[in-house]
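Worksheet for the structure shown next.
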Amino acid sequence: MVNLINKGQTITLEVANPNYGVMKTKQDIQKESLQNWIQLDQLKTHPEFRREFDKLLNINIVTENGVNGKSGCIYVDSEGDRNGNTTLADALKNSVFVEQYLLHTENNLKIKELAPKAYTDIKNTKDVSALIASINAYYNLLDEPGATEFKGNQLITREDFYTLVFKAETPVQKLESDKLFELAIGGKTDKSIYAQSVADYGWLQTTTKSLDAKSYKGTMSRAEAVYLVVNKYLPDLFKEVTIFDKGYKDTKNAGDLVKKLGLKENGVPKEKWQFYTLAYMLKHPDEGLQEEMYKAMVISKSLDLMRGDESRWDEAITKEEAIRLVIDTHLAVNDIQGYKTTIEYGKMNESKFDVAYSEDKVLGYTEDGYAYGENWVELPKGTTGIIDPYQTLDNGMKLVEVKQMLKEYEAKWKKENKSLHEIDALKSEIAKGLGTDIATLNAIPDSEIAKFVQKEKEEKEILAEAKKVADTSKIKQSTNNKKTPPKTVKKGTTNTNTKKSNVTASKNSPYSNIKLPYGARVITSKEEFDDYVAKDKVNFSNHGKIPVLYKGVVYMCTHSDIKALNMRTDRAGFEWYLNDQIVIGGLDPDYIRGSLQDHK
């Protein structure tokens, strides 16, 4: 393997699979899709089980400000307030839950006995697996949508474990994707937004390219799981462990494998060194673990995080083992730091009677039946996800602008007695030319258009006021400035400051020095514009050149030209900006005519 590493050849992480008889099938992987992340007191999964669990733990239903919530020992936050958005970690930091329910002999058995109400594959209600299953069901930790079986012996991936650790301690909230993380793991997944916050504590890192698309989705070893939780929750203990401390019977300190494998140059680890080191350890378990991982196993043994005298560190971790490890780690933290809360019912804090959302809250539905919220709308059937009405297309237009423009055209076409079939065809053609489609535009609610129009109106008023101030300033300045005579160039010499422009403009035009890829001429009236259109057969469709009016100069531009000129758009097709000066353009010749009148 050392030779393969040195040659840079592909190496696969081979984690030993324990013989539990249950493996994740191809069908299981294909149908995996994480449920919406839902606040704890709003969860409705496994309803019969959930009712009995609440009854056993004396959970009360409480209402404030029209919001229904729950109150009890697992709904007490770190500040001692009643909170419906608590986590498993909050419960494990509460002495009442841990001592009177979780570890209480009688109540512990009752929690186990509830498991079959959630999962059909739980038969032995006296086994610890039934307890882990009940905790998983109530907190929705590693369940697939509509799950009826616990599948405790199912092997889990690194992504699964990172997600479990995150959800066990993090209240529901809206998250921002880490684009660099997504790029490193081969793209966004259902769980990457959760995993991104935990991955940095793991052995494999994206910064060294050890955690990539393949390893991220690969089965996780028990040693990696232990290393992550110790590194995240008990990092100070690494300083207290020496290389001579004993761990499990099957763990051995291999020292600095990174150096032994030649994965360092001048003391600096090579790219993917963590991946190669782990691959070597799993391939040669008898040689032991890299020193840092060995220390984590010593800490695990001292805190009994992995039960028993042998850790089976090179084996893949199962769903049940992973959840149990997380629970035991939080309990171990309690032993060191003490409980955070010691009350059964938190203080009633009115400000915490609210429902948190991991995704944007639905505010209503469009006339076509699509959900929408603050700055988002649901995509039509046949597509997935949520779109932004203010998404900018390649041509510079926003989706909401395109819909507004088409609504204006539609009203005009109806006055012209065009048939609905003709109107639909025209709309579809224009939408396609602009880089979108009618189905997507139909999903944008009229409320967003109204907001956009109002915003546009306010911005134009501000610009108009600013223009007045600027014009007044220019008038004052021009009266104080003397005219500078033009420079004369001697015969036989060249004026190196003169740049050739392919734009034909009036000598009197203050914008004759604007250089554009296509010719232009000065237009001073609507009549002259009509003559220009008729003579040059101007194409107003989005597939041809668009007349762009810039302070009385009409330029024939394509969208590519506009983009190349670094024009930014406020309402592309109607109004652009070049060098912070307003540039008027449009698909509609009537708009150009009106603009000419405005600029006279």
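For segment 116-133, filtered to residues that are in contact with an Asp or Glu (Cβ under 9 Å, 6 or more places away or on another chain) and not in a loop (DSSP other than H, G, I, E, B), the residue that is farthest from THR157 (Cα to Cα) is LYS117. Only one entry of VAL2, VAL76 meets the criterion of being out of contact with any helix residue (DSSP H, G or I) (no Cβ under 6 Å at 6 or more places or on another chain) and either surrounded by 18 or more Cβ atoms within 10 Å (Cβ to Cβ) or modelled with pLDDT of 95 or more (or both), and that entry is VAL76. Per this entry, GLN173 is counted among residues that are under 21 Å from the mean Cα position of the chain (by Cα) and either open to solvent by 40 Å² or more (accessible area, probe 1.4 Å) or farther than 22 Å from SER302 by Cβ (or both).
With respect to LYS167, determine if the residue is among the basic types (Lys, Arg) and not assigned by the TED database to the domain that holds MET220. Spelling it out, it is not the case that LYS167 is among the basic types (Lys, Arg) and not assigned by the TED database to the domain that holds MET220.
When segment 268-310 is examined, which residues are found to be charged (D, E, K, R), in contact (Cβ under 8 Å) with a residue 24 or more places away in the chain and farther than 21 Å from ASP200 by Cα? Within segment 268-310, LYS283, ASP286, GLU287, LYS301, ASP304, ASP309, GLU310 qualify. For first residues located in segment 116-137 and under 25 Å from GLN42 (Cβ atoms) and touching a residue at least 40 places away in the same chain (Cβ under 8 Å), partners that are part of a helix (DSSP H, G or I) and of a type in the set (D, E, K, R) and lie 6+ apart or on another chain with Cβ distances below 6 Å form the pairs LYS117/GLU48; ILE132/GLU320; ILE132/ARG324.
Filtering segment 234-270 down to residues that are modelled with pLDDT of 90 or more and open to solvent by 90 Å² or more (accessible area, probe 1.4 Å), which residue is nearest to HIS330 (Cα to Cα)? Ranking the qualifying residues of segment 234-270, first place goes to ASP236.
The residues in segment 181-211 that are open to solvent by less than 40 Å² (accessible area, probe 1.4 Å), in a loop (DSSP other than H, G, I, E, B) and either at positive phi or touching a residue at least 40 places away in the same chain (Cβ under 8 Å) (or both) can be counted, and the count is 9. Scanning segment 308-345 for residues that are at pLDDT 95 or above, more than 19 Å from TYR233 (Cβ to Cβ), assigned to a loop (DSSP other than H, G, I, E, B) and small (Gly, Ala, Ser) returns no hits. Picking from residues in segment 213-230 that are of a type outside the set (A, V, I, L, M, F, W, C) and open to solvent by 40 Å² or more (accessible area, probe 1.4 Å), the one that is nearest to the chain's Cα centre (by Cα) is LYS217.
Filtering segment 120-150 to residues that are surrounded by fewer than 19 Cβ atoms within 10 Å (Cβ to Cβ) and among the charged types (D, E, K, R) leaves ASP121, LYS123, LYS126, ASP127, GLU144, GLU149.
Scanning segment 192-243 for residues that are touching a strand residue (DSSP E or B) at 6+ places or on another chain (Cβ under 7 Å), of a type outside the set (Val, Ile, Thr) and farther than 19 Å from GLY288 by Cβ returns LYS217, GLY218, MET220.
For segment 252-267, filtering for residues that are without any contact (Cβ under 8 Å) to a residue 12 or more places away in the chain and of a type in the set (Asp, Glu) leaves 1. Among the criteria (1) part of a helix (DSSP H, G or I); (2) outside the structural domain of LEU103 (by the TED database), the one GLN173 does not fulfil is (1).
When restricted to residues that are within 19 Å of the chain's Cα centre (by Cα) and surrounded by fewer than 19 Cβ atoms within 10 Å (Cβ to Cβ), segment 151-170 contains 1. The listed residues are LYS418, LYS427, and the only one of them that is surrounded by 14 or more Cβ atoms within 10 Å (Cβ to Cβ) and assigned to a loop (DSSP other than H, G, I, E, B) turns out to be LYS418. The residue that is least open to solvent (accessible area, probe 1.4 Å), counting only those in segment 47-73 that are closer than 25 Å to ALA130 by Cα and among the acidic types (Asp, Glu), is ASP54. Can you find even one residue in segment 313-335 that is farther than 23 Å from VAL15 by Cβ, without any contact (Cβ under 8 Å) to a residue 24 or more places away in the chain and open to solvent by 40 Å² or more (accessible area, probe 1.4 Å)? Checking segment 313-335: not a single residue is farther than 23 Å from VAL15 by Cβ, without any contact (Cβ under 8 Å) to a residue 24 or more places away in the chain and open to solvent by 40 Å² or more (accessible area, probe 1.4 Å).
The values are calculated or read from the model by the stated rules, or taken from the named source; none is laboratory data. Since this is a predicted model, take the numbers as computed values, not measurements. Here Cβ is always computed from backbone atoms with ideal geometry, including for glycine, and neighbour counts include all displayed protein chains. Ligands, DNA and RNA are stripped out before the accessible areas are found, and what is left, the full protein with its side chains, is counted by its heavy atoms. Shrake-Rupley method; radii C 1.70, N 1.55, O 1.52, S 1.80 Å.
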